[in-house]
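Notes follow the structure.
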Amino acid sequence: MEKRFYKYGLRPIIEEIEPEYSTFYAYQWDTGKFKENMSYFTKIRDDRSGDGEELTEQEFNAYVAELRKKL
């Protein structure tokens, strides 16, 4: 399984890519955990707003660590 990492607005998003589908997980502000949220499929794939940004795994992990410090 391949993973891609995004920031959409301020929210971290993980995409898990399987051969036939992708599953998206969005960061939950109140818990610091990730929960499946397929609404980001369209937001990431058809980003007309310019709010999406693909990150490296290292950039993503550092960003999530900073957010979790604020919980």
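The values are calculated or read from the model by the stated rules, or taken from the named source; none is laboratory data. Note that the structure is a prediction, hence the values are computed from the model and not measured. As a convention, Cβ positions derive from the backbone with ideal geometry for all residues, glycine included, and neighbour counts pool all protein chains shown.
If you go through region 34-60 and keep only what is in a loop (DSSP other than H, G, I, E, B) and modelled with pLDDT under 95, you end up with Asp46, Asp47, Arg48, Ser49, Gly50, Asp51. Considering region 1-57, and only residues there that are small (Gly, Ala, Ser) and either touching a Ser or Thr at 6+ places or on another chain (Cβ under 7 Å) or closer than 24 Å to Lys70 by Cα (or both), the residue that is surrounded by the most Cβ atoms within 10 Å (Cβ to Cβ) turns out to be Ala26.
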